[in-house]
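Every read-out reported here was derived from the displayed coordinates using simple, explicitly stated rules and does not represent laboratory data. Model, not experiment: these values are computed from the prediction. Cβ coordinates were reconstructed from backbone atoms using ideal geometry, including for glycine residues, and neighbour counts include every protein chain displayed.
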Amino acid sequence: MKKAHVGDIVRIKFLDHCMDGEDALHCVVYGRVREITESAYVVQTWDTLDNDSSYNRHTFCIVKSAILKLQVLK
């Protein structure tokens, strides 16, 4: 799997759980990598220009073992 770095804009295709389903869901998230932990990428998909504001920000934590494909877009 290709590696991304903090600040990269990425497209991540990943598997997600499915309650009452037969199989995992194939999902995709686009955004800027905010943090990388040992087990996950934290992707910020919506941000504000105010660095002091935690409002109106949306992030997703994508577990590395669930990633099918990671593309660095920028």
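Table for the structure above
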item: Least to most buried among I36, I62 (fewest other Cβ within 10 Å first); result: I36, I62
item: Virtual spin-label span in nm between W46 and Q71, 7 Å along Cα→Cβ; result: 2.4
item: Positive-pole candidate from I12, C27, N56, dipole of the chain, charges at beta carbon; result: I12
item: Footprinting exposure proxy for R32, R11 (fewest neighbouring C-beta atoms within 10 Å first); result: R11, R32
item: Length added when fully stretched, V6-V28, from 0.36 nm per residue minus Cα-Cα; result: 6.1 nm
item: Residue order, fewest to most surrounding Cβ atoms within 10 angstrom, among D8, D47, D20; result: D20, D47, D8
item: Candidate values (i) 13.2, 43; (ii) 29.0, 92; (iii) 11.7, 34, label of the one derived for Rg and Dmax of the Cα atoms in Å; result: (i)
item: Placed amide H near A40: partners under 5 Å, 5+ positions off or other chain; result: K64
item: Note, ³J(HN,Hα) from phi for the range 36-45, Karplus 6.51, -1.76, 1.60, rounded to Hz, x at Gly and Pro; result: 10, 10, 4, 10, 8, 9, 9, 10, 9, 9
